Number of protein chains: 2
Amino acid sequence: MPDPDAPLLRALAGVRPDRTPIWFMRQAGRSLPEYRELRVGTRMLDACLTPDLAAEITLQPVRRHGVDAGIFFSDIVVPLRLAGVEVEIVPGRGPVFAAPVRSAADVERITAIDPRSLDTSAIEEAVRIVVAELGDTPLIGFAGAPFTLAAYLVEGGPSKEHLRARAMMHTDPGSWNRLAGWLASVSRVFLQAQISAGASAVQLFDSWAGSLAPHDYRGFVAPHSSAAVRALDVPVIHFGVGTGPFLADMRLDGAASAVGVDWRMPLDEAATVLGTDVTVQGNIDPALLTAPWPVLEGHVREVMRRGRAARAHIVNLGHGVPPETDPDVLSRIVALVHDAGSREAGSPEEVSS
Amino acid sequence: MPDPDAPLLRALAGVRPDRTPIWFMRQAGRSLPEYRELRVGTRMLDACLTPDLAAEITLQPVRRHGVDAGIFFSDIVVPLRLAGVEVEIVPGRGPVFAAPVRSAADVERITAIDPRSLDTSAIEEAVRIVVAELGDTPLIGFAGAPFTLAAYLVEGGPSKEHLRARAMMHTDPGSWNRLAGWLASVSRVFLQAQISAGASAVQLFDSWAGSLAPHDYRGFVAPHSSAAVRALDVPVIHFGVGTGPFLADMRLDGAASAVGVDWRMPLDEAATVLGTDVTVQGNIDPALLTAPWPVLEGHVREVMRRGRAARAHIVNLGHGVPPETDPDVLSRIVALVHDAGSREAGSPEEVSS
């Protein structure tokens, strides 16, 4: 059973814990040799849907780095696969759909699938294994936000500026809202499965939200993201890349307990925009993971210093761990944050420095 | 000879012309059937370096759409090719370098090439043909900004978050500044060749600048971009994508007469950030080019309305023309802007509405 006083959960509740919590987006994955070994011969989505394998991959980085949370190893398109949508993760490319969802008829067809019909048993089984193994350490469940899922689904695969999904909002707002609403339900079912099996928190990933004008984010996206996560039984972290221009909206009217910030905006600025009733998460620049240690150490300390402006701070990268990252560097960052964070908690005069 | 009172040049000089000028980034290129026909069997960089062909491709969209400027058909890596750097444009992928420039020794080697040694005669010949054909209509020359060039060169090809170029800034600032300074000189030589052959203005493209934290943009990038364009003989337009968080810095301390704004930030907000001594360019959302005409028309009118907040406004897209764009839609936008712009100029009471 996860400790209700675990640093991650205290930070999400708005209390500065004794030890500053840290985890890494994509900590489970290609940066770890033990992961690459385990994945040989298994396709990505098959790995996600094999409970033993997904559980082991989730646990690997927790054992290795001593991070303050596991993040469930899965993919944002997994619930779509469970809904019967034909999708593969193509190595080096990303999710590719057999049939893009572009016309009103396409939207009609896909949204006819009842999200409550998804068989999430493999997900729940994997989560139960992870939670049992993690002991005190909490597990973060996750799902894709409706816009980021739509960015793939409407295009049929990865794209740079997500023109087709953004076009649908204006060309056929009725279809857009139907599709995004359905995707919100699908992601919500995926989150609920993880929560019911023991996840202590969840993160909603809206990786491509930064391609949107703030006006479009507010009108066409935020309401659907809210629907995916509001009134869940656990705290919600909401993360996007390039969301500086509408960061306050990422709070989803209070549905998010924490907002993830990418490497572009210093956390003290983010805290000013976000206000005092939300926790910040982030935002070590992934580009600095290859820098000499003194440079990286200085950067991590600076991130922590600026994070003190928020009510609480969960240290993370500003985006996912790049595949070529040296895992020892990640372990060293965890040790630094835990050490610096505890000394800070013990000497209050430093807090205001 | 281009008309010194051409609407584009008046707008760049800060005077609202009678007709609102419009052109499109990537107007010369894949959206035009006559371009696709002409390019059959010729590789991209070969087309750029064949004067007759580059000239004809530059002229095609001016003839077809009646835009207020030609934009020289070339590629930001052309001056690198002229410097002897081995690079190809791979269709569907982008510029790919035979040898990425990553180490201090790599930087030493490439920056030993004297930018003044570039043979730009093919560029000058193409520009001369274009300028003679264009008559009154001005030609915009262009070049890549040092950061965007480095983003390709350090990585060796396209990348999502340009980690390696951004890492070099912090890992080895000496090498970074040497490389970016050299790239600025190379782009400047490319611009000067176009200007000496008759280009009436130039645009510096920093397409990937939006991946930078504002602090890094200011410290490691803006000085080099300034060096590429300051004190040229013609006005400079400076464009980047996702540059909202440091838009004022895109003025390059006055070196830019106009700043291009992507589709994310409304032009009246941009004008507030930029001040009254710079012209704005933009910012029709490329995603709306596929919308039904009334939706697109409303959007274009809204862009023009907001653009009135600036001292002058050059209408453009917020990024390049997507390849699948229907060219008739572009022609229709030009007619709308010219019509709306003249009526506006003729009825001053509408200007403040």
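The values are calculated or read from the model by the stated rules, or taken from the named source; none is laboratory data. Small disclaimer: the values here were computed from a predicted structure and weren't measured. Methodologically, a virtual Cβ is constructed for each residue, glycine included, from the backbone with ideal geometry; neighbour enumeration extends over all protein chains shown. Quick note on the areas: whole protein, heavy atoms, side chains included, nothing else; ligands and nucleic acids left out. Shrake-Rupley method; radii C 1.70, N 1.55, O 1.52, S 1.80 Å.
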Per-region count, the range B:263-288, residues at the interface with chain A (Cβ under 8 Å from one of its Cβ atoms) and either open to solvent by 10 Å² or more (accessible area, probe 1.4 Å) or acidic (Asp, Glu) (or both): 5
Enumeration of residues in the range A:232-247 that are more than 13 Å from the chain's Cα centre (by Cα) and closer than 16 Å to B:Arg264 by Cβ: A:Gly242, A:Thr243, A:Gly244, A:Pro245, A:Phe246, A:Leu247
Looking only at the range A:289-315, and only at residues there that are part of a helix (DSSP H, G or I) and touching a Pro at 6+ places or on another chain (Cβ under 8 Å), the one that is nearest to A:Arg19 (Cα to Cα): A:Arg306
Cβ-Cβ under 7 Å pairs, at least 6 apart or on other chains, the range B:289-303 side more than 11 Å from every other protein chain (Cβ to nearest Cβ), far side at pLDDT 95 or above and open to solvent by 60 Å² or more (accessible area, probe 1.4 Å): none
Residue in the range B:63-91 that is nearest to B:Thr120 (Cα to Cα), counting only those that are small (Gly, Ala, Ser) and more than 15 Å from the chain's Cα centre (by Cα): B:Ala83
Test for A:Val221: is it within 13 Å of chain B (Cβ to nearest Cβ) and in contact with an Asp or Glu (Cβ under 9 Å, 6 or more places away or on another chain): no
Residue that is most open to solvent (accessible area, probe 1.4 Å), among those in the range B:97-130 that are part of a helix (DSSP H, G or I) and of a type in the set (Val, Ile, Thr): B:Ile129
Among the residues listed as B:Asp216, B:Asp249, the single one being of a type in the set (Asp, Glu) and in contact with an Asp or Glu (Cβ under 9 Å, 6 or more places away or on another chain): B:Asp216
Breaking point among (1) under 22 Å from A:Val77 (Cβ atoms); (2) within 14 Å of chain B (Cβ to nearest Cβ); (3) touching a strand residue (DSSP E or B) at 6+ places or on another chain (Cβ under 9 Å), for A:Gly260: (2)
Boolean, B:Asp206 is among the acidic types (Asp, Glu) and away from chain A (no Cβ under 14 Å): yes
Subset of the range B:146-167 (residues that are within 14 Å of chain A (Cβ to nearest Cβ) and aliphatic (A, V, I, L, M)): B:Ala150, B:Ala151, B:Val154, B:Leu163, B:Ala165, B:Ala167
When residues of the range B:190-211 are limited to those that are of a type in the set (Phe, Trp, Tyr) and buried (at least 24 other Cβ atoms within 10 Å of the Cβ), the one farthest from B:Ala151 (Cα to Cα): B:Phe190
Every residue from the range A:149-203 that is over 16 Å from the mean Cα position of the chain (by Cα) and among the polar types (S, T, N, Q): A:Ser159, A:Thr171, A:Ser175, A:Asn177, A:Ser185, A:Ser196
Only listed residue being touching a strand residue (DSSP E or B) at 6+ places or on another chain (Cβ under 8 Å) and either within 27 Å of A:Ala165 (Cβ to Cβ) or modelled with pLDDT of 95 or more (or both), chosen from A:Phe24, A:Phe73: A:Phe24
Considering residues of the range A:1-35 that are over 21 Å from A:Arg305 (Cβ atoms), assigned to a loop (DSSP other than H, G, I, E, B) and acidic (Asp, Glu) only, the residue most open to solvent (accessible area, probe 1.4 Å): A:Asp5
Residues of the range B:245-257 satisfying the condition of being within 14 Å of another protein chain (Cβ to nearest Cβ) and surrounded by 24 or more Cβ atoms within 10 Å (Cβ to Cβ): none
The range B:131-149, residues that are open to solvent by less than 10 Å² (accessible area, probe 1.4 Å) and either outside any loop (DSSP other than H, G, I, E, B) or in contact with a Cys (Cβ under 7 Å, 6 or more places away or on another chain) (or both): B:Leu139, B:Ile140, B:Gly141, B:Ala143, B:Gly144, B:Pro146, B:Phe147, B:Thr148, B:Leu149
Criterion: modelled with pLDDT under 95, outside any loop (DSSP other than H, G, I, E, B) and open to solvent by 30 Å² or more (accessible area, probe 1.4 Å) - qualifying residue of A:Ala335, A:Ala345, A:Ala340: A:Ala345
Hits in the range B:168-189 - residues which are crowded, with 22+ Cβ neighbours inside 10 Å and within 14 Å of chain A (Cβ to nearest Cβ): B:Met168, B:Met169, B:Trp176
